[in-house]
Amino acid sequence: MKHQATWDLVQPTEPDRTASSLSPPSSYTLPPTYAQYHEAELRLPQHHWSRTRPAADERFFFVAGHVRGLGWGNALQEHLLNAYLAHVSGRSFVFANYTWNDDGSIVSFYNGKPIPSQIPYSALIRGPAVGGAFLTAGDDSGAPLAVHKEYFDHICPEKFEISREDVHQTVHNLHSAYEVTQRWSETIKATNHPCVQSSVASSQVYSHYYIFGARGALAELWPSLAESPIITQFGWSHLIESAFDANKQLFYPSSVLAPNLTEAPFTTNMDRYTPIPGLMAIHIRRGDYLEHCTSLTDQREEFVSVNSLPGLPDSFAAPRGFFFGELTRSDRIRYRQRCYPSVEEIVRKVEEVRATPEGENIRRIYIMTNGKQDFINDLKDALNQAGRWDLISSSRDMVLDVEQKYVAQAVDMLVAQRAQIFIGNGFSTLTSGAVMMRLANRFPTNSTRFW
């Protein structure tokens, strides 16, 4: 299956897969490279490859210390905030790839399984954060468009670096995304150099410790971020939407003739990704997540990112005290219930939420999970025993092609974003990505819940 690579861009040609000198080892199948998406990104119309230096009106900003080696949810939330920072600073956002490993390898390994070392962002998302045009009239219509890092390196052989440490030492509250953004933007705007990047030696502008893992750190910034074109014109790629379309029977009853997302012109995030009546999506992490939950408990972690915004139901506050130790047995049980609920606890929560006004007429449930099939079967049986469902399905029921398989987390995020009810894991950035879009698209507050 061929997929449209980018939004309103020239169609990519099928890459010449015979040109690669890398042969797949006999022990595993080589994952896709998504080369056609990369090629389409390089053909963005704002890339003027004949130039050897920036034009008078070209100004760029790149976060050299962007996140690497973490999951899709972590990468997406940072990517959107970096794009927002560049936008409010009046510069072209420079985007690289969703990067697991940038050592030059094509394949990396996670839990012993081969994965792409890097995936072009346009294989996952569309919009201004990956070079798409700003669609709205007004102040944003002439905003500089995002460019790929390869173009940035081509047109900017010399770059002006800003030290994260120098900027952050002037920030009063490093746990405020608003203050961090304001000070970075002031620093960028005060710089006349056209080619600006954060120091290569610096890490993220928005880190987990200071921002994403700090309770309420996004609260003051959220209203302006949610109204920015980075969010209002955010969309999922053709690859992700085609996976959703191909599996619509899991989300809609057979009596509903739901139009294909891929056949509709893009307008806005809110107009495109409307609620799916009657669908509940639930996010349940398994596998090595029990160990991760234990680590979160020991470090007294809060709900991550927008999951900790005030006003959301099922809020969580970490116990106070010293950073390590002094946790009571009840503290640990509470963390485990919120982070790694049992089958019985999952069913109880589902039925509780289903009984609320927001849960009226819920007849189908989709389980977003990395759990094994035995666990999913046990959960399906327990859900069926507790209440009547027209359909219970899971991530493992999705039919995906080889390219979609390696970006399946984004497909799940799209489903969660649109479900009438979503119950997520407050400690998960995959959950927070869906919650971010639900809030931005003004879903009822009580339709977004947490274990």
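Just so you know, all these numbers are worked out from the coordinates, no wet-lab data involved. Everything quoted here is computed from the prediction, not taken from an experiment. All Cβ positions, glycine included, derive from the backbone under ideal geometry; neighbour counts span all protein chains shown.
PHE160 to THR294: FRET efficiency via 1/(1 + (r/R0)^6), r the Cβ-Cβ distance, R0 35 Å, to the nearest 0.05? All intermediate terms of the calculation are to be shown ahead of the outcome.
Details: r = 44 Å, r/R0 = 1.25.
Here the calculated transfer efficiency is 0.20.
Using unit Cβ charges (K, R positive; D, E negative) and no other charged atoms, how large, in debye to the nearest 20, is the dipole of the chain about its Cα centre?
Here the chain has a charge dipole of around 680 debye.
To the nearest 20 Debye, how big is the dipole of segment 143-295 about its Cα centre, given +1 on the beta carbon of each Lys and Arg and -1 on that of each Asp and Glu?
Around 320 debye, computed over segment 143-295.
Using the charge dipole of the chain (Lys, Arg: +1 at Cβ; Asp, Glu: -1 at Cβ; taken about the Cα centre), state which of GLY104, ALA143, PRO265 has its Cα farthest towards the positive end.
Sorting the options by dipole projection puts first PRO265.
Specify the angular offset, from 0 to 90 degrees and rounded to the nearest 10, of the alpha carbon long axis of helix 177-189 from the longest principal axis of the alpha carbons in the chain.
10
Which residues' amide hydrogens lie under 5 Å from the amide hydrogen of ILE162, considering only partners 5 or more residues apart or on another chain, with H built in the peptide plane?
GLN197, SER198, SER199
Using R₀ = 22 Å, calculate the FRET efficiency as 1/(1 + (r/R₀)^6) where r is the Cβ-Cβ separation of TYR110 and VAL399; round to 0.05.
Numbers: r = 23 Å, r/R0 = 1.04.
Efficiency at R0 = 22 Å is approximately 0.45.
Let me spell out the model: positive unit charges on the Cβ of Lys and Arg, negative unit charges on the Cβ of Asp and Glu, origin at the Cα centre of segment 43-188. What dipole size does that give, in debye rounded to 20?
Details: 12 positive and 15 negative charges, 83 e Å.
Here the size comes out at about 400 debye.
Multiplying the sequence separation of HIS175 and ASP390 by 0.36 nm and subtracting their Cα-Cα distance, what value in nm do you get?
The span from HIS175 to ASP390 would gain 72.9 nm if fully extended.
Pairing the Cα long axis of helix 408-418 with the longest principal axis of the chain, what angle in degrees results, from 0 to 90 and rounded to the nearest 10?
70
Tell me the GluC sites (Glu not before Pro) within segment 352-451 that lie in a loop according to DSSP and have at most 12 other beta-carbon atoms within 10 Å.
Passing sites in segment 352-451 are GLU360.
Which of the listed residues, HIS38, GLY127, TYR178, is farthest toward the dipole's positive end in segment 17-232, when Lys, Arg count +1 and Asp, Glu count -1 at the beta-carbon?
Going by the charge dipole, the pick is HIS38.
Mind checking which lysines have their Cα closer than 29 Å to the Cα of LYS149? Skip sequence neighbours fewer than 8 apart in that chain.
LYS2, LYS113, LYS159, LYS189, LYS405
Please report the net charge: other residues with Cβ closer than 9 Å to the Cβ of PRO253, K and R +1, D and E -1.
My count for the surroundings of PRO253 gives +1.
Would you list, by chain and number, the lysines whose Cα falls below 25 Å from the Cα of LYS349, excluding same-chain residues fewer than 8 positions away?
Result set, ordered by chain and number: LYS372, LYS380.
Go through (i) 66, 56, 45; (ii) 67, 53, 50; (iii) 67, 59, 40 and flag the label whose value is the computed Cα extents along the principal axes in Å for this structure.
After the calculation, the listed value that fits is (ii).
Mind checking segment 155-206 for GluC sites (Glu not before Pro) that DSSP puts in a loop (not H, G, I, E or B) and that have at most 13 other Cβ atoms within 10 Å?
Numbers: sites: GLU158, GLU161, GLU165, GLU179, GLU186; in loops: GLU158.
Answer by residue number: GLU158.
Below 11 angstrom from the Cβ of TYR121, what's the summed charge of the other residues (Lys, Arg +1; Asp, Glu -1)?
Summing Lys and Arg as +1 and Asp and Glu as -1 gives +1.
Which ³J(HN,Hα) values, rounded to whole Hz and listed in residue order, are derived for segment 353-369 from phi using the Karplus coefficients 6.51, -1.76 and 1.60 in 6.51 cos²θ - 1.76 cosθ + 1.60 with θ = phi - 60°, glycine and proline given as x?
So the Karplus estimates, Gly and Pro as x, are 6, 5, 7, 7, x, 5, x, 4, 6, 6, 10, 10, 9, 10, 9, 7, 7 Hz.
Please name which of PHE244, PHE160, PHE93 has its Cα lying farthest along the dipole of the chain towards the positive end, using unit charges on Cβ (Lys, Arg +1; Asp, Glu -1) and the Cα centre as origin.
Ranked along the dipole, the leading option is PHE244.
Mind listing which trypsin sites (Lys or Arg not before Pro) in segment 292-348 are in a DSSP loop and have 11 or fewer other Cβ atoms within 10 Å?
ARG320
Taking K and R as +1 and D and E as -1, what net charge do the other residues with C-beta under 14 Å from the C-beta of VAL435 add up to?
+2
Does anyone have the angle between helix 329-339 and the longest principal axis of the chain? Alpha-carbon axes, 0 to 90°, nearest 10?
Helix 329-339 sits at roughly 70 degrees to that axis.
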